[in-house]
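Working notes, beginning with the structure itself.
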Amino acid sequence: MTRKLLLDVDTGIDDALAITYALSQKAGDLIAVSTIFGNTELKTATKNTLDLLSLFGREDIPVYPGASHPWEKEEWIVNEHLHRIHGYNGIGDVRLPSSSKKAEEESAPDAMIRLCREYQKDLTLVCVGPLTNLADALKKDEEALHLCEKIVIMGGALTIRGNATPYSEANIHNDPEAAKYVLESDLPLVLIGLDVTLKTIITGSDIASWKEIDTDKSELLYGAAAYYYTGEFGDVIGGAMHDPLAYACALYPELIKDSLPICLTVDLEGESRGRTVTDRDLLNKEHKTTQYALDVDEKAFLDSFTSSIRDILR
Ligand code: CA
């Protein structure tokens, strides 16, 4: 049976690239997308996701909205820093045609639970935003989540400094309490953190090659990617592949060349808030729940990514 995947996103430009890559991969069947606050507000992430699926003629894939703010906050305010990275509309201020399709009534955590029960080991969850939806699902029905094959997360920084603070990676940083709840659970987790995403670099010329395809799709995706990957002198320089790499590692686990079996938690106090780290109790746990990626075959991934994106944009 073709592997089924649920992708949890805060779309977000690199989320948009991950969704596009997911649609291009016949080895996996993207059966659901759930949305969350993060790079942008929940409602914007949901709209971007619906519009992007529609652009590729995949309105058949249901979109389930989830958390609009972290556990410890009442709301999520998108700051200027995020606007600079993702644009005011979350996708580099590119205007995607509006989808006529609406998001589902069912919430993201409820959809995760239902699909875990339905597909069990045939289903992989891939979470590339803050972990609030996953934590809510875990809190509500831990038994259901244990039924899926594994959960692949874009998150964490173990051997490298963070990108939100010197200690913390952005997805973990955006809801450290939820991330701690997930990481301390017994779920089978695979973490694709900055340790590997920052060595998986798409070039400016790869991105520029999409523009030459000259279709509506290529124009729009190029516009979003160019916004995200533009350097300080205004040219498209490329950069790290965060979310698409996580999806690829879920579908093609052989891309992970080295990983550390570990039990992690998240620091909540002081300047290290959001840091992914272990502690004395977790260090001595016999069963290591997390596979933390330390090395990937970035060349194999980038070859697959760039050729698949060019194909789907034609
Ligand atoms: Ca994301």
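The values are calculated or read from the model by the stated rules, or taken from the named source; none is laboratory data. Everything quoted here is computed from the prediction, not taken from an experiment. Positions of Cβ are generated from backbone atoms using ideal geometry, with glycine treated the same way; all protein chains shown enter the neighbour counts. We work out accessible area using only protein heavy atoms, side chains counted, and drop any ligands, DNA or RNA first. Shrake-Rupley method; radii C 1.70, N 1.55, O 1.52, S 1.80 Å.
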Requested in this report: Among the numbered conditions (1) within 26 Å of Ala164 (Cα to Cα); (2) of a type in the set (D, E, K, R); (3) surrounded by fewer than 22 Cβ atoms within 10 Å (Cβ to Cβ), tell me where Asp303 comes up short.
Outcome: (1)
Requested in this report: Return a yes/no flag: does the range 250-260 have any residue that is touching a residue at least 12 places away in the same chain (Cβ under 8 Å), part of a loop (DSSP other than H, G, I, E, B), within 23 Å of Asp93 (Cβ to Cβ) and not small (Gly, Ala, Ser).
Outcome: no
Requested in this report: Find the residue count for the range 1-19, including only residues that are away from the ligand (no atom under 13 Å from the Cβ) and under 19 Å from Arg95 (Cβ atoms).
Outcome: 0
Report task. For the range 1-21, indicate whether the set of residues that are farther than 25 Å from Gly274 by Cβ, surrounded by fewer than 24 Cβ atoms within 10 Å (Cβ to Cβ) and modelled with pLDDT under 95 is non-empty. Result -> yes
Query raised in the report: Could you say whether any residue in the range 144-165 is over 20 Å from Pro62 (Cβ atoms) and part of a helix (DSSP H, G or I)?
Result: no
Report summary line: Here the residues within the range 20-39 that are within 10 Å of the ligand (Cβ to nearest atom) and out of contact with any Pro (no Cβ under 9 Å at 6 or more places or on another chain) are Asn39
Query raised in the report: How many residues, within the range 38-69, are closer than 18 Å to Ala22 by Cβ, among the β-branched types (Val, Ile, Thr) and in a helix (DSSP H, G or I)?
Result: 2
**Report entry** Every residue from the range 163-203 that is more than 13 Å from the ligand (Cβ to nearest atom), among the small types (Gly, Ala, Ser) and open to solvent by 10 Å² or more (accessible area, probe 1.4 Å)
**Finding:** Ser185
Query - Every pair of residues 6+ apart whose Cβ atoms lie under 6 Å, when the first sits in the range 19-37 and is under 21 Å from Glu118 (Cα atoms) while the second is basic (Lys, Arg) and part of a strand (DSSP E or B) - result: Gly28/Arg3; Asp29/Lys4; Ile31/Lys4
Requested in this report: Mind listing just one residue for me: the one in the range 231-248 that is open to solvent by 10 Å² or more (accessible area, probe 1.4 Å) and either within 16 Å of the ligand (Cβ to nearest atom) or assigned to a helix (DSSP H, G or I) (or both) and, of those, nearest to Leu5 (Cα to Cα)?
Outcome: His242
Query raised in the report: Of (1) in a loop (DSSP other than H, G, I, E, B); (2) of a type in the set (A, V, I, L, M, F, W, C); (3) open to solvent by less than 80 Å² (accessible area, probe 1.4 Å), Ile85 satisfies all except one. Which?
Result: (1)
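Can you tell me which residue in the range 147-162 is least open to solvent (accessible area, probe 1.4 Å), limited to those that are farther than 17 Å from Asp8 by Cα and not hydrophobic (A, V, I, L, M, F, W, C)? It would help to see each step written out before you state the result.
Initially, the range 147-162 is screened for residues farther than 17 Å from Asp8 by Cα, giving 147, 157-162.
Restricting the remaining residues to those that are not hydrophobic (A, V, I, L, M, F, W, C) gives 159, 161-162.
Numbers: Thr159: 108, Arg161: 180, Gly162: 21 Å².
Result: Gly162.
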